[in-house]
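Chemist: This structure is in structure tokens; I'll ask about it shortly.
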Number of protein chains: 2
Amino acid sequence: MAFFSAHRGGWRIQTMASLKRLLVGSPIRTARLAHERLTKKTALAIFASDALSSTAYATEQILLVLAAAYVAGSAVSFSRVVPISIAISLLLIIVAISYRQTIYAYPSGGGAFIVAKENLGTLPGLVAGASLLVDYILTVSVSIAAGVEAITSAMVGTRFAELHNHRIWLCLFFIAFITVANLRGVREAGAMFAAPSYAFIFSFMALIVYGLVRYYLNPGIVPVPNDVDLKVAEGYHAQPLNLFLLLGAFANGCAALTGIEAISNGVQAFKQPESKNAATTLSWMAILLIVMFMGASILGYLFHIHPMEHETVTSQIARAVFTGPMHWFYYIVQATTALILILAANTSYAGFPRLASLLARDRFLPRQLSNLGDRLVFSNGVILLAVFSGFLVWAFGGDTSRLIPLYAVGVFLSFTLSQAGMVVHWWREGKTAQTDTAESAPARARSPWRRYLVVNGIGAVATFVVLMIFIVTKFVHGAWIVVLLIPLLVQMFLRIHRHYVDVAQQLSTEGLVGLRPIHHEVIVPISGIHRGVIAALEYAKSIAPHHVTAVYVNLDDLATQKLREKWQQWGSGVNLVVVASPYRSLGRPLFNYVDRVRRSSPNVIITIVLPEFVPAKWWQNLLHNQNTLFLKATLLFKKGVVVTNVPYHLEH
Amino acid sequence: MAFFSAHRGGWRIQTMASLKRLLVGSPIRTARLAHERLTKKTALAIFASDALSSTAYATEQILLVLAAAYVAGSAVSFSRVVPISIAISLLLIIVAISYRQTIYAYPSGGGAFIVAKENLGTLPGLVAGASLLVDYILTVSVSIAAGVEAITSAMVGTRFAELHNHRIWLCLFFIAFITVANLRGVREAGAMFAAPSYAFIFSFMALIVYGLVRYYLNPGIVPVPNDVDLKVAEGYHAQPLNLFLLLGAFANGCAALTGIEAISNGVQAFKQPESKNAATTLSWMAILLIVMFMGASILGYLFHIHPMEHETVTSQIARAVFTGPMHWFYYIVQATTALILILAANTSYAGFPRLASLLARDRFLPRQLSNLGDRLVFSNGVILLAVFSGFLVWAFGGDTSRLIPLYAVGVFLSFTLSQAGMVVHWWREGKTAQTDTAESAPARARSPWRRYLVVNGIGAVATFVVLMIFIVTKFVHGAWIVVLLIPLLVQMFLRIHRHYVDVAQQLSTEGLVGLRPIHHEVIVPISGIHRGVIAALEYAKSIAPHHVTAVYVNLDDLATQKLREKWQQWGSGVNLVVVASPYRSLGRPLFNYVDRVRRSSPNVIITIVLPEFVPAKWWQNLLHNQNTLFLKATLLFKKGVVVTNVPYHLEH
């Protein structure tokens, strides 16, 4: 919208443009759109922030569900966090191995949308696309909410403790901040990510190692849990520690897997050999994720951490581990946790607009989403993401645990579709290989497609089972929203697509043979005779010298009589029609007149030439009837009618 | 705006129009604009509501100032309400007699604006006009605030007592209600006014008579004042009962005179003989006003009423007077008081828009204010009045006593100007009479202009003295706002006038000799080749067959190459210009191209023909770039440029 800095009259537009420039910066040339290739170390920092940051809240999400059995009297319930975490870690290994295969198969980037669309067809592709869009939005909401909780947790016991009550505003502030940063275009991505990501990894690892060492040297340091502030997952009531509850806790903990697919989307960003580097980075990320997640869960178990309303589990662990002279390190942990979570939200700001633009290019979303903005960013997508995630944070009170039930549906649905797509991919490759075998035997040996198929098959089944567990255990807690939303989104994609295809057909030049001549009828609505009207009449006569009619709405018989007399001098042979207006309206009588002309000459193009004088200063517009504007708005959309403004510019 | 019910595309406009119809009703034909002539009884009800209603709060305004001496220890201070009220009544008699003369001199309606303008000149006329506009706004704010206070006073001691804390909302509700009623057009005025006005007069008279009788039969019924809730006029601190304080109390009480000029504005509404009937009605009104005001002040004195925060003085008097079996009559008094106050506000809804339209016709206010709306009402004036008075109520917390210091400046300024105007009027008439005398002696005898001049002279001096007292004693309490505002308004009137005169000169056809021929250059910005573009090209060629250029903004070299190829078939010899756009903007390069053409051919009219396809359903607009709209907004105000939309209508 660089053209907004208009001439005279565009004053309001200009002010807005200046404000935009201030916030977002000057436009960037298209030529500067080039790829920055990443080393493994930088790539890990960028792509892993989303996945690793989930260790900040995954353990807590398990404990929150187990708390329902604890309040019902089960003394052992919290200890179940360890086996559940092990199960999640196994699932994580399966998913990671599956995605390594995707990386090799799709070196140009294999997001769930592309993989599902290519292998399973358009509809599954759209389902995957819808899931991912929802997933990106929730990543922002959950990460920001968790980041803010890390900050407010650190305030417990200080005089800023009441910050907890204002967390929605803090969340919205951070979302606004990231949004503006992304509208500017985050070109300095690598540098920005590396330091905080590694700081988080380092401080979290230090927490785990130091915690375990201290515990085994002196098990007596464990604090006595105080259950005054105990928190139970929203929607869970006191109940025995049964299978359903354990599955619910497992499903909640699967939030740890979110973000693991990030690398497979961005293979192209790696230095050569892209696939190999990406796969190695993925393995590293998976290992880090398992160590950190298991470490948090084990420490939570050893230190008897109970989930609390005003303090996160991570914060409680860090507080228990770093006591005495090491207390300052507690703040390092909280600060790096908050930072990595905010960075994790930032990753969605790359993913969401990019996916939306892919969908828009395939005509499943409004084409405005595929426009590169001034700063080489898909600005509209960035703004949409900010609006939706901000809304979610507000609607769920900025509470991570209330957002989690919505989160994993989209994630696991896209996992399942992506893995299922890979199964079909290998199956097709296998068939091609078999055909090839007739010609060249070594081809078959080179592609162990059966093994690949089995690996992705296991991945697909495992993630599908988890998806089902998730939907069943979390349906009433919020998963229903996403279960309902995804088909609606797909429905919307299809409807939008149908419209675009239809428009393209209607606008197609097929069947036309060339430009045809036009028969004109020109109407000039006049309010009297002045220089503005004269200019309009001159213009009208130049279009169709013998088909011009001036129309005057009679609001006052005396004024009409005067006009008729003046017309003798100025009409220059132009036909003058006076129409009555019993209700003092200008538009209705004119509108009716135009309709009559249209009916009597259906094959003619009617041009309405509107005289309009343009004041020199904007405030002067307030002193004039905006009749021309109203007429324009009314007539603009009439079929067979062309509206032309002839401005007459006043000097001062 | 009846023409708003547009065809396709006007969906939003249509919804707004339906809402408007529901609130305001269907339009009324101009032919129904006729005068309803009033009997004296009905006229008294209509014109007196404003003046009489002020008795509901005038006594209280005096007591509020006297309270400043009471809290300083002066035991007698509240008794001063009686002499002050007598002084105000004398002033009232002077003003009433003065206005009787105006009524005879201006049988067609002699508002302060007209009288001052005709006799003193434009500038004093504008000052009077500004004062009156301010006065009308304050009448609404003060009356509504006092009406709401009458309601909340009646709630003291009931479980609705806290209504007092929500009075701003109540005020805004009543203003909104009256506004809608007036936008519908209050044709049934007479009937609507008569009942509540006479009910108020009757109940207030009953209060005074019954109160005086009870007091003289049994002086012991007087309640002991409880000063817990005592209220002192805003801005007054405890101080001795000196002259300045007494003058302040007097100035406050002059609020009783507001509205007395109403009849002189509306002489034409009376049955014949208009002037005589109007003058008689004015006398009656003045007598009623004095009786009611003096009655309230004397009762307030006799019953030892002290002004209170949560209850009005009138309510306290009525409560003290009507005890035991007569208690129900208290509610009659409060209800009729609230009703008359709301009706009083309603009178400004006739006055303000009418005066604004007079000023607008003389080109001192935006001409939109002189438009009769759908319902034969000056709708814009009604809305302006509602906005300003609502703002005042909100800004001053709906507190009558805080609004009073702003009120009387405008009133007394317009009184003074009007009376001074009458003095000049008689002087001129006297001079004419003297000239006539030479021819016919009886003429002089018929016009006792010297006596009239003296009467109006006394009126002018008296009101001017009160104006000065008011400004001096109330300046710091809020009068400064109006003292500042009136010159600013006059300044604005003059500036608006200058603009209109200037525009009329610039638009004057003087110096023109007839329609001149036009040299065209037509530019068609295109985004590709489709039926919409073809239609635009056909139109462009029909205007100036050999001066059409299609302009394409190059955003993508490949697409541009394709377009060039297609142009061979569809261009029909039209020149194609491709412009570069390094920042991916459409507007800026086009804008620059248009500028280049303008510079190279300064005497040519450039027509920009914008192809635009119009979707069949409104939501489909969301799926298309609104580029045409943006281009239009940018190019519309360029000098020498005419913008034409050629719509192509999609079917479904």
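The values are calculated or read from the model by the stated rules, or taken from the named source; none is laboratory data. Computed from a prediction, not measured in an experiment: that's the story for all the values here. Heads up, the Cβs are rebuilt from the backbone with ideal geometry, glycines too, and the neighbour counts pull from every protein chain shown. Side chains are part of the model used for accessible areas, which takes the heavy atoms of the whole protein and leaves out ligands, DNA and RNA. Shrake-Rupley method; radii C 1.70, N 1.55, O 1.52, S 1.80 Å.
Chemist: Pick out the one residue from B:419, B:434 that is surrounded by 24 or more Cβ atoms within 10 Å (Cβ to Cβ) and assigned to a helix (DSSP H, G or I).
Modeler: On the way: B:434 fails: surrounded by 24 or more Cβ atoms within 10 Å (Cβ to Cβ).
Every option except B:419 fails the conditions.
Chemist: Is it the case that residue A:465 is of a type outside the set (Phe, Trp, Tyr) and away from every other protein chain (no Cβ under 14 Å)?
Modeler: Values: of a type outside the set (Phe, Trp, Tyr): yes; away from every other protein chain (no Cβ under 14 Å): yes.
So residue A:465 fits the description; yes.
Chemist: Continuing with the same structure: With (1) more than 20 Å from residue B:150 (Cβ to Cβ); (2) open to solvent by less than 20 Å² (accessible area, probe 1.4 Å) as the list, and residue B:287 as the residue in question, which single condition is left unmet?
Modeler: With respect to (1) more than 20 Å from residue B:150 (Cβ to Cβ); (2) open to solvent by less than 20 Å² (accessible area, probe 1.4 Å), residue B:287 is out only on (2).
Chemist: Mind checking which residues of the stretch B:632-642 are open to solvent by less than 20 Å² (accessible area, probe 1.4 Å) and more than 7 Å from chain A (Cβ to nearest Cβ)? Working first, answer last.
Modeler: First, the residues of the stretch B:632-642 that are open to solvent by less than 20 Å² (accessible area, probe 1.4 Å): B:634-635, B:638, B:641-642.
If the condition is that a residue be open to solvent by less than 20 Å² (accessible area, probe 1.4 Å) and more than 7 Å from chain A (Cβ to nearest Cβ), then B:635, B:641 are the ones that fit.
Chemist: Hand me the list of helices (runs of 4 or more DSSP H) wholly inside the stretch A:174-290 holding 2 or more residues that are among the polar types (S, T, N, Q).
Modeler: By residue number, A:189-217, A:262-265.
Chemist: Test residue A:589 against the criterion of being crowded, with 16+ Cβ neighbours inside 10 Å, within 22 Å of residue A:648 (Cβ to Cβ) and out of contact with any Asp or Glu (no Cβ under 8 Å at 6 or more places or on another chain), and give yes or no.
Modeler: On the way: crowded, with 16+ Cβ neighbours inside 10 Å: yes; within 22 Å of residue A:648 (Cβ to Cβ): no; out of contact with any Asp or Glu (no Cβ under 8 Å at 6 or more places or on another chain): yes.
Against the criterion (crowded, with 16+ Cβ neighbours inside 10 Å, within 22 Å of residue A:648 (Cβ to Cβ) and out of contact with any Asp or Glu (no Cβ under 8 Å at 6 or more places or on another chain)), residue A:589 does not qualify.
Chemist: Sticking with this one: Given the conditions (1) modelled with pLDDT under 80; (2) within 7 Å of chain A (Cβ to nearest Cβ); (3) within 44 Å of the chain's Cα centre (by Cα), which single one is not true for residue B:645?
Modeler: Looking at each condition in turn, residue B:645 falls short on (1).
Chemist: Here's another thing I want to ask about it. State whether the residues of the stretch B:63-77 include one that is under 30 Å from residue B:193 (Cβ atoms), in contact with a helix residue (DSSP H, G or I) (Cβ under 9 Å, 6 or more places away or on another chain) and touching a residue at least 60 places away in the same chain (Cβ under 8 Å).
Modeler: Taking the stretch B:63-77 first, the residues under 30 Å from residue B:193 (Cβ atoms) are B:63-64.
Next, from what is left, pick out any that are in contact with a helix residue (DSSP H, G or I) (Cβ under 9 Å, 6 or more places away or on another chain): B:63-64.
Narrowing further to those that are touching a residue at least 60 places away in the same chain (Cβ under 8 Å): B:63-64.
Yes, the stretch B:63-77 contains a residue that is under 30 Å from residue B:193 (Cβ atoms), in contact with a helix residue (DSSP H, G or I) (Cβ under 9 Å, 6 or more places away or on another chain) and touching a residue at least 60 places away in the same chain (Cβ under 8 Å).
Chemist: Right, another one. Determine which member of the set A:501, A:490 is at pLDDT 95 or above and either open to solvent by less than 20 Å² (accessible area, probe 1.4 Å) or over 30 Å from residue A:412 (Cα atoms) (or both).
Modeler: The unique qualifying residue is A:490.
Chemist: Return yes or no: is residue A:507 more than 14 Å from every other protein chain (Cβ to nearest Cβ) and without any contact (Cβ under 8 Å) to a residue 60 or more places away in the chain? Walk me through it before giving the result.
Modeler: Numbers: more than 14 Å from every other protein chain (Cβ to nearest Cβ): no; without any contact (Cβ under 8 Å) to a residue 60 or more places away in the chain: yes.
Taking the combined requirement at face value, the residue does not satisfy it.
Chemist: I would also like to ask the following. Look through A:177, A:173, A:200, A:160 and report the one residue that is surrounded by 15 or more Cβ atoms within 10 Å (Cβ to Cβ) and not β-branched (Val, Ile, Thr).
Modeler: On the way: A:177 fails: surrounded by 15 or more Cβ atoms within 10 Å (Cβ to Cβ); A:173 fails: surrounded by 15 or more Cβ atoms within 10 Å (Cβ to Cβ); A:160 fails: surrounded by 15 or more Cβ atoms within 10 Å (Cβ to Cβ).
Among A:177, A:173, A:200, A:160, only A:200 is surrounded by 15 or more Cβ atoms within 10 Å (Cβ to Cβ) and not β-branched (Val, Ile, Thr).
Chemist: Right, next: State which residue is surrounded by the most Cβ atoms within 10 Å (Cβ to Cβ) when the search covers only the stretch A:606-617 and only residues that are more than 7 Å from chain B (Cβ to nearest Cβ) and either touching an Asp or Glu at 6+ places or on another chain (Cβ under 6 Å) or among the hydrophobic types (A, V, I, L, M, F, W, C) (or both). So that I can check it myself, show each step before the final result.
Modeler: Filtering the stretch A:606-617 for residues more than 7 Å from chain B (Cβ to nearest Cβ) gives A:606-612, A:615-617.
If we keep only those that are either touching an Asp or Glu at 6+ places or on another chain (Cβ under 6 Å) or among the hydrophobic types (A, V, I, L, M, F, W, C) (or both) too, we end up with A:606, A:608-610, A:616.
Working: A:606: 21, A:608: 23, A:609: 28, A:610: 21, A:616: 15.
Once the filter is applied, the top-ranked residue is A:609.
Chemist: Identify all residues within the stretch B:323-339 that are of a type outside the set (A, V, I, L, M, F, W, C) and surrounded by fewer than 19 Cβ atoms within 10 Å (Cβ to Cβ); write none if there are none.
Modeler: Result: B:323, B:324, B:325, B:327, B:331.
Chemist: Using the structure shown, decide if residue A:559 is of a type in the set (Gly, Ala, Ser), in a helix (DSSP H, G or I), closer than 30 Å to residue A:363 by Cβ and open to solvent by 10 Å² or more (accessible area, probe 1.4 Å).
Modeler: Working: of a type in the set (Gly, Ala, Ser): yes; in a helix (DSSP H, G or I): yes; closer than 30 Å to residue A:363 by Cβ: no; open to solvent by 10 Å² or more (accessible area, probe 1.4 Å): yes.
No: the conditions fail for residue A:559.
Chemist: Which of the numbered conditions does residue B:512 fail, given that it passes all the others? Conditions: (1) of a type outside the set (Asp, Glu); (2) more than 48 Å from the chain's Cα centre (by Cα); (3) outside any helix (DSSP H, G or I).
Modeler: (2)
Chemist: Right, residue B:538: at the interface with chain A (Cβ under 9 Å from one of its Cβ atoms) and at pLDDT 90 or above or not?
Modeler: yes
Chemist: A further question on this structure: Out of everything in the stretch A:42-84 that is among the charged types (D, E, K, R) and crowded, with 24+ Cβ neighbours inside 10 Å, what residue ends up being farthest from residue A:401 (Cα to Cα)? Write out each step before concluding.
Modeler: Within the stretch A:42-84, the subset among the charged types (D, E, K, R) is A:50, A:60, A:80.
Those still in the list that are crowded, with 24+ Cβ neighbours inside 10 Å too: A:50, A:60.
Working: A:50: 17, A:60: 9 Å.
Checked the stretch A:42-84; the qualifying residue farthest from residue A:401 (Cα to Cα) is A:50.
Chemist: Considering only the stretch A:618-626, I want to know if a residue exists there that is touching a residue at least 40 places away in the same chain (Cβ under 8 Å), assigned to a strand (DSSP E or B) and open to solvent by 40 Å² or more (accessible area, probe 1.4 Å).
Modeler: Let us first name the residues in the stretch A:618-626 that are touching a residue at least 40 places away in the same chain (Cβ under 8 Å), namely A:618.
Right, trim to assigned to a strand (DSSP E or B) and you get none.
Taking every residue of the stretch A:618-626 in turn, none turns out to be touching a residue at least 40 places away in the same chain (Cβ under 8 Å), assigned to a strand (DSSP E or B) and open to solvent by 40 Å² or more (accessible area, probe 1.4 Å).
Chemist: Could I ask something else about it? Confirm whether residue B:360 is among the small types (Gly, Ala, Ser), more than 11 Å from the chain's Cα centre (by Cα) and open to solvent by less than 20 Å² (accessible area, probe 1.4 Å).
Modeler: For residue B:360, the condition - among the small types (Gly, Ala, Ser), more than 11 Å from the chain's Cα centre (by Cα) and open to solvent by less than 20 Å² (accessible area, probe 1.4 Å) - is met.
Chemist: For the stretch B:568-603, enumerate the residues that are under 47 Å from the mean Cα position of the chain (by Cα) and either facing another protein chain (nearest Cβ under 10 Å) or not in a helix (DSSP H, G or I) (or both).
Modeler: Of everything in the stretch B:568-603, those that are under 47 Å from the mean Cα position of the chain (by Cα) and either facing another protein chain (nearest Cβ under 10 Å) or not in a helix (DSSP H, G or I) (or both) turn out to be B:585, B:586, B:587, B:588, B:590, B:591, B:592, B:595.
Chemist: Would you mention how many residues in the stretch B:372-389 are open to solvent by 10 Å² or more (accessible area, probe 1.4 Å), within 30 Å of residue B:164 (Cβ to Cβ) and touching a helix residue (DSSP H, G or I) at 6+ places or on another chain (Cβ under 6 Å)? First the steps, then the outcome.
Modeler: In the first step, residues of the stretch B:372-389 are kept if they are open to solvent by 10 Å² or more (accessible area, probe 1.4 Å); the result is B:372-380, B:383-384, B:386-388.
After this cut, where a residue has to be within 30 Å of residue B:164 (Cβ to Cβ) as well, the list is B:383-384, B:386-388.
Now narrow it down to the ones that are touching a helix residue (DSSP H, G or I) at 6+ places or on another chain (Cβ under 6 Å): B:386, B:388.
Of the residues in that region, 2 qualify.
Chemist: Give the number of residues within the stretch A:545-556 that are among the aliphatic types (A, V, I, L, M), under 19 Å from residue A:608 (Cβ atoms) and either surrounded by fewer than 19 Cβ atoms within 10 Å (Cβ to Cβ) or within 11 Å of chain B (Cβ to nearest Cβ) (or both).
Modeler: Number satisfying all stated conditions: 2.
Residue-by-condition table, conditions (1) open to solvent by less than 10 Å² (accessible area, probe 1.4 Å); (2) within 30 Å of residue B:416 (Cβ to Cβ); (3) of a type in the set (S, T, N, Q):
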residue: B:240; (1), (2), (3): no, no, no
residue: B:246; (1), (2), (3): no, yes, no
residue: B:251; (1), (2), (3): yes, yes, no
residue: B:263; (1), (2), (3): yes, yes, no
residue: B:269; (1), (2), (3): no, yes, no
residue: B:278; (1), (2), (3): yes, yes, no
residue: B:302; (1), (2), (3): no, no, no
residue: B:341; (1), (2), (3): yes, yes, no
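Chemist: For the stretch A:530-544, give me each residue that is of a type in the set (A, V, I, L, M, F, W, C) and either buried (at least 23 other Cβ atoms within 10 Å of the Cβ) or in a helix (DSSP H, G or I) (or both). Full working, then the answer.
Modeler: At the first step, the residues of the stretch A:530-544 found to be of a type in the set (A, V, I, L, M, F, W, C) are A:533-537, A:540, A:543-544.
Matches in the stretch A:530-544: A:533, A:534, A:535, A:536, A:537, A:540, A:543.
Chemist: Return the only residue of A:523, A:518 being outside any helix (DSSP H, G or I) and more than 12 Å from every other protein chain (Cβ to nearest Cβ). Spell out the reasoning first.
Modeler: Details: A:518 fails: more than 12 Å from every other protein chain (Cβ to nearest Cβ).
Unique residue meeting the criteria: A:523.
Chemist: Working carefully through the options A:136, A:236, A:215, A:210, find the one that is at negative phi, open to solvent by 70 Å² or more (accessible area, probe 1.4 Å) and in contact with a helix residue (DSSP H, G or I) (Cβ under 8 Å, 6 or more places away or on another chain). If you could, list the steps in order and put the result at the bottom.
Modeler: Numbers: A:136 fails: open to solvent by 70 Å² or more (accessible area, probe 1.4 Å); A:236 fails: open to solvent by 70 Å² or more (accessible area, probe 1.4 Å); A:215 fails: open to solvent by 70 Å² or more (accessible area, probe 1.4 Å).
Just one listed residue meets the conditions, A:210.
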